[in-house]
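Participant: What follows is a single structure, and I will ask about it in a moment.
Just so it is clear, none of the values below were taken in a lab; they were calculated from the coordinates. Keep in mind that this is a model prediction, so the values were computed, not measured. Glycine also receives a Cβ, built like all others from the backbone with ideal geometry; neighbour counts cover every protein chain displayed.
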Amino acid sequence: MSELRYDPTAARKLIDDATWDALAEPLHAARQETLDDVALMTDGDIPADKQPLDAGFIPYPDQLLNSPELDPMLESAERLRSEIDRLVVLGIGGSYMGLRALFEGLSHPYHNELSRADRGGAPRLYFEGNNLDNDTISGLLELLELRCKDPEQLQQRWGIVVISKSGGTLETAAAFRIFRDALEAYYGADSKRSTNLVVPITGEEGKLRSLSEERGYPDVFSIPDGIGGRYSVFTPVGLYPAAVLGMDVRPVLQGAADMTERFRTAPIGENPVLDYVATCHLLERDRGMNIRVLSTWGNRLEAVGLWYDQLLSESLGKHGRGATPITGVNTRDLHSRGQQHQQGARDKVITNVIVDSPATDAVILPEAPASLDQDQLNRLAGREVPSLLDAAIQGTNKAYADDARPTADLHLPRLDAHTLGQLLQMLMLATVVEGRLIGINPYGQPGVEDYKRNMSEILFG
Ligand code: PA5
């Protein structure tokens, strides 16, 4: 299977060798601490200055691959998949962004538009519960009502996967109540479908857990203790709905497990996690470059970027510190952000995410009759779209290099389940290692709790 590759050559021109070498010791110490945290959690005696500690995501992909829990989860996903044609996923933050990254990266870009057969028998997907937007909630309810009239027809059946680790997040809880109401009105509150077509994924305790027990949902999946929301993509949070949507989750898990092993064993220079942290950290520490642009070359990785925005911001944006992440999608955003990246403040490190080969056959630029060559593209006729993209990548990197603007390239040989698993695990590990390196606990999100508390006080008094 093919490995992801991180190449910081261009960015390294702004970091001298002595500075790079001097970071080796603290970086190794941060890796050791990251790995030791896993054992610390197993011992159960977590010191106060380490809390919260959610390092469970590090060994989890390998554990789940070898666990008797995986098959029953996939069987349940297969059952739900065969019973509905529309899946409504309710969740916010870490409870939906990982699935979105997997879905956009691995599914057909026009999945919802395809016939069920062309979707491989998988349902269409809709997200809600990630906002309090009256119009989108109402729009989805309307769509379901318009398209689903006869529950006996598979093509007209829909279901819910509701995801909340705490079980108390208001956006998700309110959406669950609203969509549960609609679902029960459609199937009949006492019908089997009213319980069988709802799958909650939640922590061992909490309001959603209690509600699920009371309502008697037959399939409820647990989010393991010791894995935080934004680190939970490889738990049932991301994998259960991914499996319902027809994604093959085993290679995703294998990619993540392979990345953990590489992180554990590979030396600096061959270790994408350590090399990425070193590059970004040194440019931030020594040159004040505290904006991290994840520049994805292609549309299908945009949701990975948005997922990473959340991961980095919530993990390291604490105590008045932490780099600011930005997702760019090129070449699209060369026409929006490009000007600033080329000539704006020198505060950005650009990490290009480049897929070396497209998942589909190359599209070829056709030749036009000479009389219609006003666009003068006949000189390029016969060229494949990936070769045009490659020219854009090379041209952009050269322009940045000419102006001493640092770029690094993250290469995925292909965009598939195994490479996406590697990429997401790499970015999670890098976030934790950087936190340990700069003395910020990457787990927990105390600032977000403030808004939740204030909102509850306003609503409940
Ligand atoms: O990373 C996190 O912990 C957060 O983004 C949570 O995932 C988000 O707040 C949703 O929380 P919950 O799953 O408890 O509803």
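Participant: Select from the stretch 238-327 those trypsin sites (Lys or Arg not before Pro) which occupy a DSSP coil region and have at most 15 other Cβ atoms within 10 Å, ordered by residue number. Present the calculation step by step, with values, prior to reporting the outcome.
Facilitator: On the way: sites: R262, R264, R285, R287, R292, R300, K318, R321; in loops: K318, R321.
Of the trypsin sites (Lys or Arg not before Pro), the ones in loops of the stretch 238-327 whose Cβ has at most 15 other Cβ atoms within 10 Å are R321.
Participant: Amide H to amide H under 5 Å from V329: which residues, 5+ apart in sequence or cross-chain, H placed 1.01 Å off N in plane?
Facilitator: T296
Participant: Lysines within cross-link reach of K348: Cα-Cα under 20 Å, excluding same-chain residues under 8 positions apart?
Facilitator: Of all the lysines, those that pass the test against K348 - Cα under 20 Å, at least 8 places apart if same chain - are K13, K318, K398.
Participant: Do the sum for the chain: with -39,500 (n - 2.57) for every DSSP H run of n ≥ 4, divided by all residues, what is the mean residue ellipticity at 222 nm, to the nearest 500 deg cm²/dmol?
Facilitator: Values: 18 runs with 223 residues, N = 461.
Result for the chain, helices only: -15000 deg cm²/dmol.
Participant: Oh, and also: Could you state the number of Å between the C-alpha centres of the stretch 180-244 and the stretch 402-445?
Facilitator: Spelled out, the Cα-based centre of one part sits 30 Å from the other.
Participant: Under a point-charge model restricted to the Cβ atoms of Lys and Arg (+1) and Asp and Glu (-1), what is the dipole moment magnitude of the stretch 61-247 relative to its Cα centre, in debye to the nearest 20? Please list the in-between numbers first.
Facilitator: Numbers: 19 positive and 27 negative charges, 36 e Å.
That gives the stretch 61-247 a dipole magnitude of about 180 debye.
Participant: Taking amide H positions as placed 1.01 Å from N in the peptide plane, with prolines and chain starts having none, which residues 5 or more places from R124, or on another chain, fall under 5 Å of its amide H?
Facilitator: Here the answer is R86, L87, since their amide H atoms fall under 5 Å of that of R124.
Participant: About the Cα centre of the chain, how large is the charge dipole given +1 on each Lys and Arg Cβ and -1 on each Asp and Glu Cβ? Please answer in debye to the nearest 20. The partial results should precede the final answer.
Facilitator: On the way: 45 positive and 67 negative charges, 135 e Å.
In total the dipole reaches around 640 debye.
Participant: Once phi is turned into θ = phi - 60°, what whole-Hz ³J(HN,Hα) does the Karplus curve with 6.51, -1.76 and 1.60 give for every residue of the stretch 94-107, x standing for Gly and Pro?
Facilitator: Karplus values, whole Hz, x for Gly and Pro: x, 8, 8, 5, x, 4, 4, 4, 5, 5, 5, x, 10, 8.
Participant: Along each of its three principal axes, how wide is the spread of alpha-carbon positions in the stretch 61-247, in whole angstrom units, largest first?
Facilitator: Principal extents (Cα only, largest first): 42, 34, 30 Å.
Participant: Ordered by residue, what ³J(HN,Hα) values in Hz, to whole numbers, does the stretch 56-66 give under the Karplus form 6.51 cos²θ - 1.76 cosθ + 1.60, where θ = phi - 60° and Gly and Pro are x?
Facilitator: x, 5, 5, x, 4, x, 5, 4, 5, 4, 9
Participant: Among all the lysines, which ones have a C-alpha under 21 Å from K149's C-alpha, if same-chain residues fewer than 8 places away are not counted?
Facilitator: Partners found: K192.
Participant: According to the square roots a ≥ b ≥ c of the eigenvalues of the Cα gyration tensor, what is the shape class of the stretch 279-412, taking rounded for a/c under 1.5, prolate for a/b larger than b/c otherwise, and oblate for the remainder? Don't skip to the answer; put the middle values down first.
Facilitator: Details: a/c = 2.90, a/b = 2.05, b/c = 1.41.
Verdict is prolate for the stretch 279-412.
Participant: Here's something else I'd like to know. For the stretch 371-387 and the stretch 104-179, what is the separation of their Cα centres, given in Å?
Facilitator: The distance from the Cα centre of the stretch 371-387 to that of the stretch 104-179 comes to 41 Å.
Participant: What is the Cα coordinate range of the stretch 385-439 on the first, second and third principal axes, sorted by size from largest, in whole angstrom?
Facilitator: Sorted largest first, the three principal extents are 39, 32, 9 Å.
Participant: How big, in percent, is the set of alpha carbon pairs in the stretch 104-184 lying more than 23 Å apart? Don't jump to the answer; show the numbers that get you there.
Facilitator: Working: 949 of 3240 pairs.
When all Cα pairs of the stretch 104-184 are counted, 29 percent exceed 23 Å.
Participant: Also: Can you work out D for the chain in µm² s⁻¹ from Stokes-Einstein, where Rh is the Kirkwood radius over C-alpha pairs, the temperature is 20 °C and the viscosity is 1.002 mPa s? Can you show the working numbers first?
Facilitator: Details: Rh = 23.6 Å.
Translational diffusion coefficient: 91 µm²/s.
Participant: Specify whether the C-alpha gyration tensor of the stretch 30-90 places it in the rounded, prolate or oblate class, a ≥ b ≥ c being the square roots of the eigenvalues: rounded for a/c under 1.5, otherwise prolate if a/b is larger than b/c and oblate if not. Mind dumping the intermediate values first?
Facilitator: Details: a/c = 3.55, a/b = 2.43, b/c = 1.46.
Judged from the Cα gyration tensor, the stretch 30-90 comes out prolate (a/c at least 1.5, a/b above b/c).
Participant: In a solvent-free Debye calculation with one equal scatterer on each Cα, what is log10 I(q)/I(0) for the stretch 194-248 at q = 0.14, 0.17 Å⁻¹, listed in the order of the q values?
Facilitator: Those come out to -0.39, -0.56, one per q.
Participant: Apply the Karplus parameterisation 6.51 cos²θ - 1.76 cosθ + 1.60, with θ equal to phi minus 60°, to every residue of the stretch 283-289 and state each ³J(HN,Hα) to the nearest whole Hz, in sequence, with x for glycine and proline.
Facilitator: Coupling constants for the stretch 283-289: 5, 6, 5, 9, 10, x, 8 Hz.
Participant: In percent, how large is the relative contact order of the stretch 61-247, given Cα pairs closer than 8 Å and 6 or more residues apart?
Facilitator: Working: 297 pairs, mean separation 58.9, N = 187.
Relative contact order here is 31 percent.
Participant: Classify the stretch 68-123 as rounded, prolate or oblate from the Cα gyration tensor: take a ≥ b ≥ c as the square roots of its eigenvalues, call it rounded if a/c is under 1.5, otherwise prolate when a/b beats b/c and oblate if not. Don't skip to the answer; put the middle values down first.
Facilitator: Working: a/c = 1.75, a/b = 1.07, b/c = 1.63.
Oblate, since a/c reaches 1.5 and b/c is not below a/b.
Participant: Would you please name the GluC sites (Glu not before Pro) within the stretch 379-458 that are DSSP coil residues with at most 11 other C-beta atoms within 10 Å of their C-beta? List each step's numbers first, then the result.
Facilitator: On the way: sites: E384, E434, E449, E457; in loops: none.
Sparse-neighbourhood loop GluC sites (Glu not before Pro): none present.
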